[in-house]
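What follows draws every value from the coordinates through simple rules; no lab data is involved. All values derive from a computational prediction rather than experimental measurement. So basically every Cβ, Gly included, is an ideal-geometry build from the backbone, and we count neighbours across all protein chains shown.
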Amino acid sequence: MKHELKSFHNDRIISYKAEFDNEQNPYPDASAERKLFTDKLEQALNDAFKSAEIKMDKALRGMDDLYRNACEQCITRYTRNMEDVLKDATTREEISEKHISCVDEEKNYLRHLKFPPKSITIRTKYLSQYIDKLEQAVDKVFERISQDFSQQQILSKSSASNWKFECKTYYETSMKESMLKTRNLEDLKQFHEDAILSAVELLMSKCTENDNVSTSFDALAAELETELNIKWLELKKAFETNLKATYSDFSELVQKFIPAIGIDLGTTNCCVGVFKNGDVTIIPAKGKDNSSTTPSYVAFNENGTKCEAFGHAAKDQAYINPENTIFDVKRIIGKPMSDKFLKKDMKSWPFTVTAGDKGQPMIEVGRKRHQKGNLLNPSSISAMLLSRLRESAEEQLMLEKDSIKKAVITIPAYFNSDQRQATLDAGAIAGFTKVHLLTEPVAAAFAYKVGMNDNPAKKVLIYDLGGGTFDVAIIDVESGIDVLAIGGDDHLGGEDFDRRLVEHCANQFAAETGIDVLSGKKLTRNRARRRLQTQCENGKRNLSSAKSKKDSTTVAVDAIYEDQDLKVRITRWDFESSEYFDELCLWAARQAAILNGADSKGKIDFFAIQDVTPVDLGRLSPRKCPLLYHETLKSHIFQGDKPIAKQNRLIGDFTLKGLPNAPARQEAAETTMEIDSMGILHVTAVSESLNHVKSELTISEESQRISKSELTSLEGLHKC
């Protein structure tokens, strides 16, 4: 800067001397006086320059001292801050980010230092030089901090590695001791989870004791758990290999450890139980504290492409999504579209039931005004319920997902062959490999048989009043369980009581206001019915616990129609109801234990169960045959109680071929009808002629039956 100032000074002297000589010097050009005046001007300017130069030197020294001191303060602060960060930093990125932010802060500090006004120009010109000096100084400090961090990381990794090794050694030692104590994979899994927890606690104590070592406990714990889970897979494989060497049939052994479950697949509610350690445990419902039952509800998204809710969650949102919330599947499954009760129910359901490509009932979800929705088989909906109930059981028992493969499912006594087969299909879609059907009265009789007193009755009347059905049976329990007679109504249950109560409240509201809330636009009607039904269910439960028939409850729905509120008082005298779910589930679970072949520790006696067919069966051959020679015999199988064949339901037919060539009506056949333990009808006909031609038929209505290829395509659909 001095050089620039000197050059400026010289230029000014020449300029001022020329200007003085041309305009202000009064003496002649060559006179001594003129030169004397010019020399005096030059001397005065040189003296002024020297004075300014001295002042500038003083200002530069002062500014240099100020910046030097400020830089030292900046470096001191920077070093202190970086060393503080170094204590807790776990990544190099943290160090780098702090370095950048600290350097920016110190630069800003230098930029805003206060100087005398005359020094502003000088500061602006030389500020970058001092900032460069600051950057060079802090870069050296940063390099040292980075080296310290690298050493610290090496030390931390070494310490962390040693800690993890100690924790892994502890885990492996604990697991090896546990593997010697048990032959049960389920117990070993619990040992594994306990050992992981203890290993993580040990790691936490190590980190706490050595807080001077910079490491992230969360990250270290995650690494440890990952490594231990990998080790668990190795130990599990070794354990299974050892078991396989000990037992010849390992798969049978594993399945023995995994219990079968009992499921009460009700119209309105479901329940699942398991027989374990000599007793039955009812699995709590998901999403509802202290509830042993799960509503038989499945909800889909507005497009009908995804199951979004199940059980209590699905039922709770039904009033806002009525068209895609499915319930009462038990009243649809296995029935033809021509069923008169199905047609009646379809008028009250908010969702749509339509005919499929084979004429079978299909449930439509995601339907739009001008666009058809997604069609689902009723068995698929039931499979979703079964799958989620099994999932609850597996979570409760700490089993792997989809590991339970056997189940006993209760069904109404009146279920015909198609309804039973459709229920079996639902079990197959849900992933069960073995399903046993148990009629609900037999399940109740099972409970009576096991818990009966010293002088029990030999013949008992069993009734089951559920959420959607009413079953009654007379059963002989003297030696086993022999069902003598059954009857039932698939439209007499708690839900039907609710429906009658809904209609009663709606009629009362209509009488008071002239408004029929159960008519009008479909969406508005469905939501009003759903809200009213929810309050009616609550009212029914309140009345169930009432002590006197005069006790009452109030069914109230705010703004059920625009700004109109519904409020109806009901006494127990007006309405009574009961619900039975747990008992059926308890004994379905016990029957599942028998199905699984598990040791019941003497609490279950194995005795025979003899059920009966829900309706009469019969064969009819055509009577009005022309007197021609025939080699075939065609028969029809009817189901029903009517005296005239055509008034009953035709459930199948078959033809006996290869008969001797003889006039019509001269050949006879012996027909045997057998119903297996699942209630499925098998018919065999053998000709009485010498050649004994034989024909066999398993009765199932083709429009209802799901083919093997369809079952395969539906696998996985139950995931909800």
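Students often check this: by mean Cβ neighbours within 10 Å, which of 62-70, 163-171 ranks highest, and how do the rest follow?
In decreasing order of mean packing, 62-70, 163-171 become 163-171, 62-70.
Which of the peptides 493-499, 336-342, 437-443 is most tightly packed, and how do the rest follow, judged by the mean count of other Cβ atoms within 10 Å per residue? It would help to have the intermediate numbers written out before the result.
Values: 493-499: 21.9, 336-342: 13.3, 437-443: 28.1.
With the highest mean Cβ count within 10 Å placed first, the list reads 437-443, 493-499, 336-342.
Plugging the Kirkwood radius over Cα pairs into Stokes-Einstein for the range 385-456, at a temperature of 4 °C and a viscosity of 1.567 mPa s, what D comes out in µm²/s? Intermediate values should be presented prior to the final figure.
Details: Rh = 13.8 Å.
D = 94 µm²/s.
If R0 is 41 Å, what FRET efficiency do you get for residue 222 and residue 111 from their C-beta distance, rounded to 0.05?
Details: r = 44 Å, r/R0 = 1.08.
Efficiency computed from Cβ-Cβ geometry: 0.40.
I'd like to know which of 568, 528, 545 lies farthest towards the positive end of the charge dipole of the range 494-571, counting +1 on Cβ of Lys and Arg and -1 on Cβ of Asp and Glu.
Comparing the listed Cα positions along the dipole, 545 ranks first.
Could you list, bin by bin from short to long, the percent of Cα-Cα pairs of the range 494-571 in 10 Å steps?
Whole-percent P(r) values from 0 Å outward: 20, 54, 22, 4, 0.
In this model, which of 237/276; 276/343; 315/567; 286/406; 176/401 are farther than 31 Å apart at the alpha-carbon? Display every interim value, and only then the final one.
On the way: 237/276 26 Å; 276/343 43 Å; 315/567 23 Å; 286/406 21 Å; 176/401 26 Å.
Pairs exceeding the cut-off: 276/343.
Taking a label point 7 Å from the Cα of residue 189 along the Cα→Cβ vector, which residues of the range 392-418 have an amide N closer than 15 Å to it?
Residues 392-406 fall inside that zone.
Relative to 2.2 N^0.38 Å, what does the C-alpha radius of gyration of the range 325-402 come to as a ratio? Two decimals please.
Details: Rg = 15.2 Å, N = 78, 2.2 N^0.38 = 11.5 Å.
Here the answer is 1.32, to two decimals.
Express in nm, to one decimal, how much length is gained between residue 542 and residue 230 on full extension, taking 0.36 nm for each residue of separation and deducting their alpha carbon distance. List each step's numbers first, then the result.
Values: separation 312, 0.36 × 312 = 112.32 nm, distance 5.33 nm.
Full extension of this stretch gives 107.0 nm more.
Which whole-percent values make up P(r) of the range 433-542 when all C-alpha to C-alpha distances are grouped in 10 Å steps starting at zero?
13, 29, 22, 18, 13, 5, 0
Given a Förster radius of 25 Å and the C-beta distance between residue 11 and residue 36 as r, what FRET efficiency does 1/(1 + (r/R0)^6) yield to the nearest 0.05? Show your work: numbers first, answer last.
On the way: r = 23 Å, r/R0 = 0.94.
With a Förster radius of 25 Å, E is 0.60.
Mind ordering 529-542, 145-158, 262-275 by average Cβ neighbours within 10 Å, highest first? Show your work: numbers first, answer last.
Numbers: 529-542: 19.9, 145-158: 14.9, 262-275: 27.5.
Per-residue Cβ counts within 10 Å, averaged per peptide and sorted highest first, yield 262-275, 529-542, 145-158.
Grab the beta carbon distance between residue 182 and residue 157, set R0 = 51 Å, and tell me the FRET efficiency rounded to 0.05. Mind dumping the intermediate values first?
Working: r = 37 Å, r/R0 = 0.72.
Given R0 = 51 Å and the Cβ-Cβ separation, E is 0.90.
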